[in-house]
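One structure is given below, encoded as structure tokens.
The values are calculated or read from the model by the stated rules, or taken from the named source; none is laboratory data. What you see is a predicted model, and the numbers here were worked out from it, not measured in a lab. Here the Cβ positions follow ideal geometry from the backbone for every residue, glycine too, while neighbour counts run over all protein chains shown. Surface areas here come from the heavy atoms of the whole protein model, side chains and all, with no ligands, DNA or RNA. Shrake-Rupley method; radii C 1.70, N 1.55, O 1.52, S 1.80 Å.
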Amino acid sequence: MPSLRTALLQSSGRPGAVAENLKVLDEAAARAAAAGAGLLVSPELFLTGYAIGDAVPVLAEPADGPGAEAVAEIAVRHGLAVLYGYPERDGQRIFNASQLIGPEGTRLANYRKTHLFGCFEQEWFTPGEQTVVQADLDGLRIGLLICYDVEFPENVRAHALAGTDLLLVPTAQMHPFQFVAESVVPVRAFESQMYVAYVNRTGPEGEFEFVGLSCLAGPDGTVRTRAGRGEELVLGEVDPEFLAASRAANPYLHDRRPGLYGSLA
């Protein structure tokens, strides 16, 4: 099975300007496709911006709304899958969501962030209730989490037990928590034997300072590609054969003793 070249778009776009952010996504998709990528991953709430305050309910839209249609057009035009973050409206509730669109423009998976970070997110968003959301792409099982979710090992282990091969984590990681990008994410990939694509915003936005450092970590705990602190598009390979070999050699999942862990829940 061939590798899936995955492009990580590290950018904050233009907060509050959906049309401008779609242009940034379109340009990144063109560059990624030209480099042979089959998947482009953008950061948390990329469609609208993160620190948009009162604009959250104004810009929120359904999972099948105009943003989804626009991203589907981008995916089809460039022939690759696209993962984007956006505020999802469902009736009176708003979720911090991410959606995976396939290269044919099909909506493959929609995930609602389950662990909301800080007062800002807790004020505007409702937490999701489904931990494991997956889709199949190019022979790989793709899983979705968002930012703070990946800092809970239970979430990533749940994906491992459900067969996730590549975990996509759009994020808005801010100063002074850059150790998550530098240390936690590679450990999560190793301890649960999967690839993790962690894709961050960058630079100042409202009261926040996003630290960049997006990465693709492999199941051996090594970082396959790493962005710096600025706007950047980086690419890395998700190799199914290496993943299978790593899982065969690493005993973590095989040596678990679930009967001992009941008290953790």
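Observations on the structure shown:
- Top-ranked residue in segment 115-155 [being free of Cβ contacts under 8 Å to residues at least 40 places away in the same chain and aliphatic (A, V, I, L, M); ranked as most open to solvent (accessible area, probe 1.4 Å)]: Val132
- Of all positions in segment 48-65, none carries a residue that is open to solvent by 40 Å² or more (accessible area, probe 1.4 Å), over 22 Å from Leu8 (Cβ atoms) and assigned to a strand (DSSP E or B).
- Search result, residues across segment 200-225 that are part of a strand (DSSP E or B), under 15 Å from Val150 (Cα atoms) and either in contact with a Ser or Thr (Cβ under 8 Å, 6 or more places away or on another chain) or in contact (Cβ under 8 Å) with a residue 60 or more places away in the chain (or both): Cys215, Leu216
- In segment 101-109, the condition of being within 19 Å of Pro43 (Cβ to Cβ), at pLDDT 95 or above and buried (at least 23 other Cβ atoms within 10 Å of the Cβ) is met by at least one residue.
- Enumerated helices (runs of 4 or more DSSP H) restricted to segment 111-199, each holding at least 1 residues that are in contact with a Phe, Trp or Tyr (Cβ under 6 Å, 6 or more places away or on another chain) and under 17 Å from Leu8 (Cα atoms): 185-192
- Hits in segment 1-38 - residues which are polar (S, T, N, Q) and either open to solvent by 40 Å² or more (accessible area, probe 1.4 Å) or in contact with a Pro (Cβ under 8 Å, 6 or more places away or on another chain) (or both): Ser3, Gln10, Ser11, Ser12
- Within segment 226-265, being outside any loop (DSSP other than H, G, I, E, B), open to solvent by 90 Å² or more (accessible area, probe 1.4 Å) and under 30 Å from Ala29 (Cα atoms) holds for one residue alone: Glu241.
- Comparison of Thr114, Thr131 shows that the only residue that is under 15 Å from the mean Cα position of the chain (by Cα), within 19 Å of Gly163 (Cα to Cα) and not hydrophobic (A, V, I, L, M, F, W, C) is Thr131.
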